[in-house]
Amino acid sequence: MASTDTGVDAKGDGSSAAGEPQDTHDLAGLEAGLDALESVQAARTPLRETLVRKALPPITAIALVLVVWQLLVGAGAAPDYKLPSPSAVWDEVIDAWLQGTLLDYIWTSVSRGLLGFLMALAIGTPLGLLVARVRFVRAAIGPILAGLQSLPSVAWVPPAVIWLGLNDSMMYAVILLGAVPSIANGLVAGIDQIPPLFLRAGRTLGATGLREAWHIVMPGALPGYLAGLKQGWAFSWRSLMAAEIIASSPDLGVGLGQLLENGRNNASMAQVFLAIFLILLVGIAIDLLIFSPLERRVLRSRGLLVTR
């Protein structure tokens with residue numbers, strides 16, 4: 001009787017002779033595809049494309065705001081003492097520059113804000129670690145930190161003036177009370193999002209105490225911690241502006257908040273607008289120069305930043 005072809009080779013393992021090369025080819029293609037996904041594109045974006053993609057949108061938005069602003073002024077939407085023209089605000093910029101006070105306004109506030117933020121960072125980071133890792137401390141202090149974060153920073157200015165007087169210590173105290181809760185809560189939120197498997201694996205490898213905090217906890221909590229830092233800077237800057245507006249003294253110098261208050265006292269809306277624009281400019285510059293690069297680096301290191 002003629003034998004029937006069952007497609008089984010002589011080895012009897014159920015695989016055809018032509019199947020093995022096909023499977024090997026499929027596996028090789030799959031590995032190549034995975035390697036392509038994991039590879040980092042080293043191609044550098046041309047400068048022209050970068051400028052068009054990054055600089056053109058904000059420049060266009062600013063131009064549109066100026067056009068609408070000038071149209072409102074030209075249409076007489078409000079009196080000059082309420083809505084100055086862009087040229088009047090620009091004249092204030094030129095006057096402050098020629099008098100040599102423009103950079104002083106900016107540096108007085110920026111130096112205070114950055115120093116106060118660094119102090120808040122030094123206090124808020126260990127406090128956040130302590131709250132996140134010790135249950136009793138979390139139960140005792142956690143609700144207080146949440147309440148402090150929701151408290152307006154301006155509320156701390158009157159007691160700080162009474163306690164410390166009109167000096168830089170009062171400014172830094174207001175900054176700390178506004179920024180420390182945000183930094184600590186951001187770190188706590190980041191630690192809560194760490195998979196428990198990471199912590200158990202770290203302990204298995206001998207990472208305990210400070211080693212666990214440095215090698216496991218802080219890297220794992222980095223996205224939430226970075227968000228807390230950005231929010232902490234925002235609270236630092238707003239707290240400082242509130243303190244400079246309310247508390248004025250010749251010994252404190254003239255920062256951006258005091259410049260804003262001087263414009264109100266002098267009934268000069270051009271000076272008020274100048275102070276507002278400088279406050280916005282500093283906030284945008286700090287974000288673009290410090291926090292945005294840090295955020296991109298963290299996202300890129302975790303494979304979450306897709307370049308198109």
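Size of the range 229-293 from its Cα atoms: along the principal axes, largest to smallest, the extents are 40, 24, 16 Å. Each peptide among 174-181, 52-59 gets the average number of other Cβ atoms lying within 10 Å of its residues, and from highest to lowest they stand as 174-181, 52-59.
Computed over the alpha carbons of the range 84-301, Rg followed by Dmax gives 20.3, 67 Å. Between residue 285 and residue 302, residue separation times 0.36 nm minus the direct Cα-Cα distance comes to 3.6 nm.
Surface exposure of the range 84-301, expressed per residue as accessible area with a 1.4 Å probe, stands at 52 Å². With each label modelled as a point 7 angstrom along the Cα→C-beta vector, the residue 98-residue 276 pair spans 2.5 nm. Just the number, please: Stokes-Einstein D of the range 49-110 in µm²/s, Kirkwood Rh from C-alpha pairs, 4 °C, 1.567 mPa s. So the translational diffusion coefficient is about 92 µm²/s. The charge dipole of the range 84-301, taken about the Cα centre with unit charges on the Cβ atoms of Lys, Arg (+1) and Asp, Glu (-1), comes to about 1320 debye, rounded to the nearest 20.
As a fraction of the 1.4 Å probe accessible area of the range 84-301, surface on carbon and sulfur atoms comes out at 69 percent.
The values are calculated or read from the model by the stated rules, or taken from the named source; none is laboratory data. Worth saying up front: this structure is predicted, and the values here are computed from it rather than measured. Every residue, glycine among them, receives a Cβ derived from its backbone with ideal geometry; neighbour counts consider all protein chains shown. Please note that ligands, DNA and RNA were not included when accessible areas were found on the heavy atoms of the full protein model with its side chains. Shrake-Rupley method; radii C 1.70, N 1.55, O 1.52, S 1.80 Å.
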